[in-house]
Amino acid sequence: MIERHEVETLLTLAEELHFGRTAERLGVSTARVSQTVRKLERRVGAALFERTSRHVALTPVGTQLTEELRPAWTELGAALQRAVDAGRGVTGELRVGFVGPAAAQLLIGATEEFRRRTPGCEVRIREAQPADIPDWLHSGDIDVGLCPFTGTQPGLAHSPVLVREAYVLAVAAGHRLARRREVPVAELAQLPVIHLAAAATPTADMPTGPAAATLHEALTLVGIGRGVLPIGAHAQRYHVRPDITYLPLRDTPLLEWGLVWPADRTNARIRAFTTAALTATGDGR
């Protein structure tokens, strides 16, 4: 029977492909990692890793074993966490703020999964503008925010990424760019870009044009030709308007969505909701 620390060592080394980093993550010595791997290899009867002084790589047998073990290991960890949360009593309510209809769709799946796992805890939801989320979190008006990641925010912790999407550029239907197939992000330097407070942007040095307090206000400014707006590709589905054309925005990073909360207020409810959200989006199984 394979032991828990052996599985943990195997999967961590498969991620790091470096004995020193693996030892550091596990809080053991490099010699202990090597010893554990050799013990597993003797049990399997085949090498699990190819290793030299400069290189560590999984063998085909090692790849097969890690791929088959990882889902079970993840589920074991989730099961233990659920037991811990049940013991601590995941009850009461969790207040979740969300930004826009795309987040609302994510929230539906996450909430359904959360209720299935923790029926004793109620979820209260509240729609927000991008700038509201950090303010509401710090003031205690909400416990968790579901929104685009906008870089490091002091005092806030965040979940793994739940969803990634490309950026598009919203322009007026009559704009000179509207007939283009795509727009390079560098071209934004010559355009008036609508400024929506605390919204995620594809580059740190965005030129600023007219300011908008809400997304609908920003899109209306686009529609009347006052400026352009970089936005996630979900807008093409949820914000279809005859006065606006959406164009792929080239050479940009992907826009990442996830959960954020005050780092000093992490609790069993937040951990359980994060697990539920990851499961609902296919990343927590």
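The values are calculated or read from the model by the stated rules, or taken from the named source; none is laboratory data. If you're wondering where the values come from, they're calculated on a predicted model, not measured in any experiment. Neighbour counts run over all protein chains shown; Cβ positions are idealised from the backbone, glycine included.
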Exercise. For the range 116-172, name all the residues that are small (Gly, Ala, Ser) and part of a helix (DSSP H, G or I).
Key: 139
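Would you mind stating whether residue 268 is farther than 11 Å from residue 162 by Cα and small (Gly, Ala, Ser)? Before you say what the answer is, go through the steps one by one.
Working: farther than 11 Å from residue 162 by Cα: yes; small (Gly, Ala, Ser): yes.
So residue 268 passes the test.
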Practice problem: Kindly check whether there is at least one residue in the range 117-131 that is in contact (Cβ under 8 Å) with a residue 60 or more places away in the chain, within 14 Å of residue 98 (Cβ to Cβ), surrounded by 16 or more Cβ atoms within 10 Å (Cβ to Cβ) and of a type outside the set (S, T, N, Q). | Solution: yes
Quiz item: Which members of the range 184-210 meet the condition of being more than 26 Å from the chain's Cα centre (by Cα), farther than 21 Å from residue 151 by Cα and not in a helix (DSSP H, G or I)?
Solution: 191, 192, 209, 210
Quiz item: If you go through the range 101-109 one residue at a time, do you hit one that is modelled with pLDDT under 95 and either over 25 Å from residue 236 (Cβ atoms) or not in a helix (DSSP H, G or I) (or both)?
Solution: no
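Here are some residues: 119, 184, 202, 130. Which one is at pLDDT below 90, within 18 Å of residue 248 (Cβ to Cβ) and not acidic (Asp, Glu)? Spell out the reasoning first.
Working: 119 fails: within 18 Å of residue 248 (Cβ to Cβ); 184 fails: at pLDDT below 90; 130 fails: within 18 Å of residue 248 (Cβ to Cβ).
Only one candidate passes the filter, namely 202.
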Self-check item: Residues being hydrophobic (A, V, I, L, M, F, W, C) and within 23 Å of residue 98 (Cβ to Cβ) - total across the range 193-210
Solution: 6
Practice problem: Go through the range 132-156 and give me each residue that's touching a residue at least 12 places away in the same chain (Cβ under 8 Å) and among the hydroxyl-bearing types (Ser, Thr, Tyr). | Solution: 150
Quiz item: Within the range 239-260, how many residues are touching a residue at least 24 places away in the same chain (Cβ under 8 Å) and more than 13 Å from residue 168 (Cα to Cα)?
Solution: 7
Practice problem: Scan 247, 221 and give me the residue that is buried (at least 16 other Cβ atoms within 10 Å of the Cβ) and in a strand (DSSP E or B). | Solution: 247
